[in-house]
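Participant: Dropping a structure here in C-alpha cells format, bear with me for questions.
Read the figures in this text as sums done on the coordinates, not as results from a lab. Remember, it's a predicted structure, so these values are computed and weren't measured experimentally. Neighbour counts are summed over all protein chains in view; Cβ atoms, including those assigned to glycine, are modelled from backbone coordinates with ideal geometry.
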Amino acid sequence: MSRRRIAAVLAALMCFGATIAAAARHSSDTGDAVWVRGLEPTLPIVARYRFDGPGEAAWSDVSGNGHTLTPVAGNDGVAVLTPHGAGTAVRFPALCDSEPCPRLALRSPSTAALNPGSQPLRYGASVLLDPSDTSDGQNVLQKGFSAEGSQYKLQIDGRAAHPSCALVDTERTIHLAVAGITVADGSWHAVECRREATALTVLIDGSAQGSARIPAELSIDNDQPLSIGAKSAYGDNDQYRGLLDDVWVAIG
C-alpha cells in the first residue's frame, strides 16, 4: 500500500473516531440527550438503583442486597419518574428561590455492607442537570456527615456545577477531588468517585477529571443512612435539582 493511501486511511479512521466521540458528548438529532454509560464497576456492587418498575418497585436495590430506598419529603416534595432509555429516571424538585421549597431525599438505612472502612471504594450515578438549575451545592449521593464521624459523598459544586468526590474519616479532614469541567449542559453524564490506595479520583463519562491524595489508612464507618438526591428533607439540605439514574455503590 502506498504512503498516500495509508495516510488517507488513517485520516478516515481519525474522522470516524471524532464523529463517535462527538455523538457521545452531544444531544441526538431528535433532541433527546445521549445517555453515556460509565464503565461497569469491577468491585462487588453492594447497592444499585435503576428506578425502573411501577410504584415501590422503583426504589428497589437491583443488586439483590436489600438496600431498598424510601422517599423522604418536605414541603410537598415529590419524586417524579420520567422515561429514560428502556426504563425510567427520577426527577428531583426543580430549583426554588422562595421558601417553603419542596425537598426530597431517597434513603436506605445503614448496614455494615455500606461502610467501606479502608477498602477500595467506587460509587456513582448518571446525572442530567440543566444550566439553569445549578445552585451553590447539590448532593447526588452520600453516607455520613463531614462533621459527624465519617463520610463518602458525590456532589455537584457551585453554579459552575463541577462534580466532586469527598471522603472524611474520624479526623474530620475533608479530602476532595474536584472535576475541572461542568456537567450542567442538559445532557446525561456518568459520574464516578473512585478510591484506590492513596488516590481519590472523580471520573466523568469514564475519564478522570480530577484527583486528590488521601491517607492509605482513611476509614469510613458510620451509622448514617445512604442518602440520594439530598442529605435530608429539611432546610439547607443541598437538594439535587436534576434527573438521576443508575446510582450505585461498590466496595471490596
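Participant: Show me the ranking of peptides 105-111, 189-195, 81-87, 65-71 by mean Cβ neighbours inside 10 Å, starting with the highest.
Facilitator: Going from most to least packed, we get 189-195, 105-111, 65-71, 81-87.
Participant: Short version: ³J(HN,Hα) in whole Hz for each residue of region 56-62, in order, from phi by Karplus 6.51 cos²θ - 1.76 cosθ + 1.60 (θ = phi - 60°), x for Gly and Pro, what are they?
Facilitator: 5, 4, 5, 9, 6, 8, 6
Participant: Order 234-240, 196-202 from most to least packed using the mean count of other Cβ atoms within 10 Å.
Facilitator: Packing order, densest peptide first, comes out as 234-240, 196-202.
Participant: How much length is gained on full extension from Ser146 to Val78, taking 0.36 nm per residue of separation minus their Cα-Cα distance?
Facilitator: Contour length minus Cα-Cα distance gives 21.8 nm.
Participant: Which FRET efficiency value, to the nearest 0.05, do you get for Ser207 and Arg159 by plugging their Cβ-Cβ distance into 1/(1 + (r/R0)^6) with R0 = 25 Å?
Facilitator: Here the calculated transfer efficiency is 0.60.
Participant: Further, regarding this structure: May I ask you to compute the full-extension gain from Arg172 to Ser132, defined as 0.36 nm times their residue separation minus their alpha-carbon distance, rounded to one decimal in nm?
Facilitator: 11.1 nm
Participant: Over what distance in Å are the Cα centres of region 58-88 and region 132-153 separated?
Facilitator: About 19 Å separates the Cα centre of region 58-88 from the one of region 132-153.
Participant: Short version: ³J(HN,Hα) in whole Hz for each residue of region 215-232, in order, from phi by Karplus 6.51 cos²θ - 1.76 cosθ + 1.60 (θ = phi - 60°), x for Gly and Pro, what are they?
Facilitator: Residue by residue, region 215-232 yields x, 4, 8, 3, 10, 10, 8, 9, 9, 7, x, 6, 10, 10, x, 4, 7, 6 Hz.
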